Each structure stands twice: as C-alpha cells, then as structure tokens.
1. Take the residues of region 134-192 that are outside any strand (DSSP E or B) and of a type in the set (S, T, N, Q): which is nearest to ASP97 (Cα to Cα)?
2. Quick check: anything in region 140-155 closer than 27 Å to PRO288 by Cβ, touching a residue at least 12 places away in the same chain (Cβ under 8 Å), among the β-branched types (Val, Ile, Thr) and surrounded by 22 or more Cβ atoms within 10 Å (Cβ to Cβ)?
3. Can you name the condition, by its number, that LEU225 falls short on among (1) crowded, with 21+ Cβ neighbours inside 10 Å; (2) in a strand (DSSP E or B)?
4. Is at least one residue of region 251-260 more than 15 Å from the chain's Cα centre (by Cα), assigned to a loop (DSSP other than H, G, I, E, B) and either of a type in the set (Asp, Glu) or at pLDDT 95 or above (or both)?
5. Name the pairs: first residue in region 276-297 and assigned to a helix (DSSP H, G or I), second residue open to solvent by less than 60 Å² (accessible area, probe 1.4 Å), Cβ to Cβ under 6 Å, at least 6 apart or on different chains?
6. Restricting to region 230-288, and then to whatever is open to solvent by less than 30 Å² (accessible area, probe 1.4 Å) and of a type in the set (Ser, Thr, Tyr), can you tell me which residue is nearest to GLU64 (Cα to Cα)?
7. Exactly one condition in (1) among the polar types (S, T, N, Q); (2) closer than 22 Å to PHE155 by Cα; (3) open to solvent by 40 Å² or more (accessible area, probe 1.4 Å) is false for GLN219; which is it?
8. Taking the criterion of being more than 20 Å from the chain's Cα centre (by Cα), surrounded by fewer than 19 Cβ atoms within 10 Å (Cβ to Cβ), part of a strand (DSSP E or B) and at pLDDT 95 or above, would at least one residue in region 28-40 satisfy it?
Amino acid sequence: MSAPLPPSNGAAGGNRLHRVAGSTAHDGLAVDISPESAGWGFSGLRVLELPPGGRWQADTGPDEVVVLPLAGSCEVRTADERAHLAGRDSVFAGVTDYAYVPTGSPLALSSEHGGRFALAGARARRRLPFRHVAAGEVPVELRGAGACSRQVNNFATPQVLDADRLIACEVLTPAGNWSSYPPHKHDEQRPGESQLEEIYYFEVARGGMAYQRVYGTGQRPVDLLAEVRTGDVVLIPYGWHGPSMAVPGYDLYYLNVMAGPGERSWLICDDPAHAWIRERWAGQPVDPRLPMTEVPR
C-alpha cells in the first residue's frame, strides 16, 4: 500500500510526482501505476514489455482498460473475446488500433515478435462491452499553431470511445515546440471544468530529453520542473500543468491517461496569467512538420 502524495516544502513532493523509467518496474512491466500507488482514486497505467513469443496475463478487476500498442503487435484475449492488434513500429511511426477491455475480465496478451504495450486504466462503475477499434477510427487533431503546434491522437476521448471513466489520448510534439500550453488544470468539478487525475507517460526520440512543468496555487501547492526521458511518468493530482517542452533535435511523445469522480468529460481551465497566448495563434500556420505520423484513412 502507498501513502498519499507527501508535502515537500509546502508542496506535493516532486520525487513522488516524477517516476523515472524503471522505478516502478517488475515482472515484465516497465511501468506499474495503480490508483493506490499514485495516492489517488481513479487513474492507472501499466506498460508491458514482451519478448518475442512472450505472454502476460492478469485480471482487470475493478478497472476498465485500453490495450494500446506502443511498439509491436499482439493478441488480446479475454474469456469470451479476442483481437489481433496490428500495432505499429513505434509511437512516432503511426496511429495504432487498440482494444477496450471491461472490468472483471481475465486478460491475456501475447506477441509473436515482442513489443511494448500500454494498458491505460480507470476504476469503473459500469461494465461495457469488449471492443477492437481500428486505427482508421482514431481522429487525429492538429492543435495550436507556430511553436505551439502538436498532433493529438484522440483514441479514447469521450467523443470517440464509449467508456465509463477512462479518457486517454496521445500527443506528438515536434522538436523545439511546446505542448500542453498554455498551462491548464482540471481539478474542480464546476461549470467549464472537470475533476480529473492525469498521468503523463513519455517517450523521446533518439534517446533525448524533454521537460515537464507542474505548479499549483497557494491553497493547493505543487511544484515540479522535471527533465523527462523515455519511460518516465509524471503524475498530476491537481494544479496547473504545462508546458511539455520538446527540446531542439528530439521529437516528443506522451500518453495522457485521465479519470475522475464526476461525469466523463474533458474540460480544462487555462491559467489566466497565460491564457492570452491562444490569441497569438490566430493567423499563424501550423508547424509544417505536422502531422508527424501517417494519418490512417
């Protein structure tokens, strides 16, 4: 069992918010973040690494789960369903298909050639059907403009996937650009804002680095500026988060996993000190390097 996120100099401890690659690894899992280990109530993430011919199994228990190939292909089986996920060579190579697996399911993954697979989860109230969603069904959005341009693969957002609590998307940021910007939050259930816990899982091209900022308020302090690399995770229990900074020379990928206690909606509130930045995007072109991956049809 894990204790709640501890204070550090009046703020949530940065070392508990930033889980470096390998720090939660065990038994074939490169990442294992449960609601309990995060110190919150709903969002979770596992990243599974399978060798060629490898197999892994578990039970989803109280969680609804999306199986998302990061690199490689795999077979997904439950007691009554199965799907072959064609996957992709890497997160920078293309959009992938995925499987939604409901609560209370025996889940088995196997991979002929091996690979890396994300299992994004949320504590759920309803048991919904198993689904295999094709890559061509994933909407690809080009968000922002200029140096704030990024690609968002909205594979498990409320408008795309029928789920109980889970919300998830992928963001690809060209080298030198900023994303998750302007800084924003979603930690209150009120008109125009959702209460959502969020996990960022990072991969950085060519073995490079990137940076992630998280900060709070006087009433709810949190303070993190972390250098992140492939396999790192940042937890956002509350507070303003952003920017996610892709340094020159190194493209940045991150997977966002969100869930919360209220209605399943993704509503954010920009930091008023920086919200004006959106106005500067008007008339600016989207970065010509986008989309970074082939967009399926």
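The values are calculated or read from the model by the stated rules, or taken from the named source; none is laboratory data. From a predicted model like this one, the values you see are computed outputs, not experimental measurements. FYI the Cβ positions are ideal-geometry reconstructions off the backbone, even for glycines, and counts take in every protein chain you see. Ligands, DNA and RNA are excluded from the accessible area calculation, which covers all protein heavy atoms including side chains. Shrake-Rupley method; radii C 1.70, N 1.55, O 1.52, S 1.80 Å.
1. First pass over region 134-192, keeping only residues outside any strand (DSSP E or B): 134-139, 144-149, 157-166, 174-177, 180-183, 186, 191-192.
Among the residues that remain, those that are also of a type in the set (S, T, N, Q) are: 149, 157, 159, 177, 180.
Working: SER149: 24, THR157: 14, GLN159: 17, ASN177: 27, SER180: 24 Å.
Among those that are outside any strand (DSSP E or B) and of a type in the set (S, T, N, Q), it is THR157.
2. No: region 140-155 contains no residue that is closer than 27 Å to PRO288 by Cβ, touching a residue at least 12 places away in the same chain (Cβ under 8 Å), among the β-branched types (Val, Ile, Thr) and surrounded by 22 or more Cβ atoms within 10 Å (Cβ to Cβ).
3. LEU225 satisfies every listed condition except (1).
4. At the first step, the residues of region 251-260 found to be more than 15 Å from the chain's Cα centre (by Cα) are 251.
Then keep just the ones that are assigned to a loop (DSSP other than H, G, I, E, B); that gives 251.
Okay, now just the ones that are also either of a type in the set (Asp, Glu) or at pLDDT 95 or above (or both), so 251.
Yes, region 251-260 contains a residue that is more than 15 Å from the chain's Cα centre (by Cα), assigned to a loop (DSSP other than H, G, I, E, B) and either of a type in the set (Asp, Glu) or at pLDDT 95 or above (or both).
5. Hits for this filter: ILE277/PRO182; TRP281/ALA145.
6. SER265
7. Every condition holds for GLN219 apart from (2).
8. No: region 28-40 contains no residue that is more than 20 Å from the chain's Cα centre (by Cα), surrounded by fewer than 19 Cβ atoms within 10 Å (Cβ to Cβ), part of a strand (DSSP E or B) and at pLDDT 95 or above.
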